[in-house]
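Here the structure comes first, spelled out in structure tokens, and everything after it is commentary.
Here, each number is a calculation from the coordinates, and none is a lab measurement. Because the structure is predicted, anything quoted here is derived from the model rather than measured. Note that we place each Cβ from the backbone using ideal geometry, even for glycine, and neighbour counts take in every protein chain shown.
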Amino acid sequence: MTPSRDTEAARFAAEPESWGEPQGGPTGADAAAHGRALLEAAGVDVAAVERRVGRPRIGGTAGRKGERSARVNVAVTDAQAAIIDRLVGQGRTRSDIVREALDEYLAAREFG
């Protein structure tokens, strides 16, 4: 960085809220096109990046672009929610907790 850029960066670090909201940047399709152009200029395989964007499918199978993993939405009791919250506090995700419970339930009934 140049000395003036160092000074600007130091001012921003000291008072980031004083800079306000970004102004005039591209949005929507223009932002996507700009990002794609930057990747291409850097020699990045944009098609490979687009294939890798997003979360991997549950179970490790490759899905088609835009395809979601199957979902099951359920209501839980307050007691169940409290237990799940306690486990989340120990670093687990809600999805992993529920998935593990479902796996155990199905395995106990010889479906797993």
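Sort out for me the Cα centre separation of the stretch 1-49 from the stretch 65-112, rounded to whole Å. A separation of 39 Å, based on Cα centres. With the simple model of a label 7 Å out from the Cα in the direction of the Cβ, Arg71 to Ala37 spans 3.5 nm. Dipole check for the chain: with +1 at the C-beta of Lys and Arg, -1 at the C-beta of Asp and Glu, and the Cα centre as origin, the magnitude is about 520 Debye.
Can you compute the FRET efficiency between Ala101 and Arg52 using 1/(1 + (r/R0)^6), with r the Cβ-Cβ distance and R0 = 22 Å? Round to the nearest 0.05.
Numbers: r = 30 Å, r/R0 = 1.37.
In this case the efficiency is close to 0.15.
Put in line by how crowded their Cβ is, counting other Cβ atoms within 10 Å and starting with the fewest, Glu40, Glu21 read Glu21, Glu40. Relative contact order of the chain: 8 percent, from C-alpha pairs under 8 Å at least 6 residues apart in sequence. Looking at the chain, do any whole DSSP H helices span at least 18 angstrom along their long axis by alpha carbon and average -1.0 or above on Kyte-Doolittle, and which? Sorted by number, the helices that extend far enough and score high enough are 28-41, 94-108.
Ranked from highest to lowest mean number of other Cβ atoms within 10 Å per residue, what is the order of the peptides 47-53, 92-98?
Values: 47-53: 9.6, 92-98: 12.9.
The packing order, highest mean first, is 92-98, 47-53.
Cα-Cα pairs above 24 Å in the chain: how many percent? Don't skip to the end; give the middle numbers.
Numbers: 3888 of 6216 pairs.
Value for the chain: 63 percent of Cα pairs lie more than 24 Å apart.
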